[in-house]
């Protein structure tokens with residue numbers, strides 16, 4: 001079952017269950033996927049690749065994480081809670097997220113591979129790190145762990 005098929009089924013299920021938050025979240029995923037497909041069609045591509053679908057989901061998850069942070073800083077825990085619910089739904093479609101320890105191990109391996117020695121080498125590490133951990137780790141977390149590893 002493709003992601004689009006799964007989302008269509010989940011929309012029907014959410015409608016039947018009258019689950020407003022899930023319905024709106026899944027519809028927003030479908031909307032963004034359809035928008036991206038209209039962008040790639042002129043290039044001869046009929047639908048999104050699995051990697052492109054993961055980019056869409058990762059983008060939506062990042063937007064929710066940023067919104068949660070901003071709402072909490074503004075003291076709007078009610079809005080942050082709604083965004084947290086939406087993030088949990090989006091994450092159901094993403095691959096299993098790596099633990100902090102797994103992220104640190106991957107970063108250590110990449111640092112060794114590229115021969116990075118200081119924070120000045122952050123760019124040399126972040127490119128390969130984001131390529132390998134795409135969709136399975138948050139970019140801010142990867143950057144924070146990379147900086148810590150290069151300082152230590």
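Test residue 37 against the stated conditions and say whether it is modelled with pLDDT under 95, loosely packed, with under 13 Cβ neighbours inside 10 Å and either outside the structural domain of residue 145 (by TED's automatic domain parsing) or in contact with a helix residue (DSSP H, G or I) (Cβ under 7 Å, 6 or more places away or on another chain) (or both). Taking the combined requirement at face value, the residue does not satisfy it. Criterion applied to 62, 30, 4 was being in contact with a helix residue (DSSP H, G or I) (Cβ under 9 Å, 6 or more places away or on another chain), surrounded by 15 or more Cβ atoms within 10 Å (Cβ to Cβ), in contact (Cβ under 8 Å) with a residue 60 or more places away in the chain and under 21 Å from residue 134 (Cα atoms), and the one residue passing it is 62. Taken together, 115, 135 contain a single residue that is closer than 26 Å to residue 4 by Cβ and outside the structural domain of residue 10 (by TED's automatic domain parsing), which is 135.
When residue 27 is tested against (1) under 26 Å from residue 140 (Cβ atoms); (2) in a helix (DSSP H, G or I), only condition (1) is not met. All conditions but one from (1) exposed (fewer than 11 other Cβ atoms within 10 Å of the Cβ); (2) on the phi < 0 side of the Ramachandran plot; (3) at pLDDT 95 or above apply to residue 18; the one that does not is (2).
The values are calculated or read from the model by the stated rules, or taken from the named source; none is laboratory data. A quick note: this is a predicted structure, and the numbers were derived from the prediction, not measured. Here Cβ is always computed from backbone atoms with ideal geometry, including for glycine, and neighbour counts include all displayed protein chains.
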